[in-house]
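Trainee: Submitted below is the structure of interest, expressed as structure tokens.
The values are calculated or read from the model by the stated rules, or taken from the named source; none is laboratory data. What you see is a predicted model; the values in this text were computed from it and never measured. Please note: Cβ atoms are built from the backbone with ideal geometry, for glycine as well, and neighbour counts cover all protein chains shown. Side chains are part of the model used for accessible areas, which takes the heavy atoms of the whole protein and leaves out ligands, DNA and RNA. Shrake-Rupley method; radii C 1.70, N 1.55, O 1.52, S 1.80 Å.
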Amino acid sequence: MPYRVLRQDPRDLDKRKAIGVVMPFSSDSVFTPTYNTLEAYKVNLYNFFMTEREERYLNPELGSNLIQYLFTHFSEDTRRNIQETITFEVERFFPRLEILKIEIEDYPDENALQVDIRFRVKGTELEDNLVLDIDR
């Protein structure tokens, strides 16, 4: 059965209605709202991956353990494990998102990773990428 692919999320049609909040809080006002779905998902993904698992009180399952890969020997198996972890966690916690591509750069001298996640909102043509800089 065919279905219509939307160019935008229906929540984006009302330009006056905020969908989320930009983090970190750095503006003069208390909160800087987001007015489109793509920006809200990007902020939510960033906060999810920057939160370590078991860090959130009363919600220990929320968050990712990407930081565990900083002090391991980086190989193709490690790269594949990171990609599988990100894909699994996005499918579990963000079912409306589809991962298109994951690129990983490692910087062993600085104990850092840079992860570039290209994603799309399912059922729409909305897509963007998120770059995570993970370091200690």
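Trainee: When only the heavy atoms of the protein chains count and the probe is 1.4 Å, how do TYR35, TYR41 rank by accessible area, highest first?
Mentor: Largest to smallest exposure gives the sequence TYR35, TYR41.
Trainee: Exactly which trypsin sites (Lys or Arg not before Pro) in the stretch 55-94 are in a DSSP loop and have at most 15 other Cβ atoms within 10 Å?
Mentor: Sparse-neighbourhood loop trypsin sites (Lys or Arg not before Pro): ARG56.
Trainee: Separate question: At 25 °C and 0.890 mPa s, grab the translational diffusion coefficient of the stretch 91-136 from Stokes-Einstein with a Kirkwood Rh over Cα pairs, rounded to a whole number in µm² per second.
Mentor: This corresponds to a translational diffusion coefficient of 209 µm²/s.
Trainee: The stretch 69-108: which chymotrypsin sites (Phe, Trp or Tyr not before Pro) are DSSP loop and have at most 11 other beta-carbon atoms within 10 angstrom?
Mentor: Numbers: sites: TYR69, PHE71, PHE74, PHE88, PHE93; in loops: PHE71, PHE74.
Of the chymotrypsin sites (Phe, Trp or Tyr not before Pro), the ones in loops of the stretch 69-108 whose Cβ has at most 11 other Cβ atoms within 10 Å are PHE71.
Trainee: Between the DSSP loop rule and a limit of at most 16 other Cβ atoms within 10 Å, which GluC sites (Glu not before Pro) in the stretch 23-122 are left?
Mentor: For GluC sites (Glu not before Pro) across the stretch 23-122 that sit outside H, G, I, E and B with at most 16 neighbouring Cβ atoms in 10 Å, the list reads GLU54, GLU55, GLU61.
Trainee: Continuing with the same structure: Once you sort the root eigenvalues of the Cα gyration tensor of the stretch 16-136 as a ≥ b ≥ c, which label holds: rounded (a/c under 1.5), prolate (a/b larger than b/c) or oblate (the other case)?
Mentor: Prolate shape, in that a/c is at least 1.5 and a/b is the bigger ratio.
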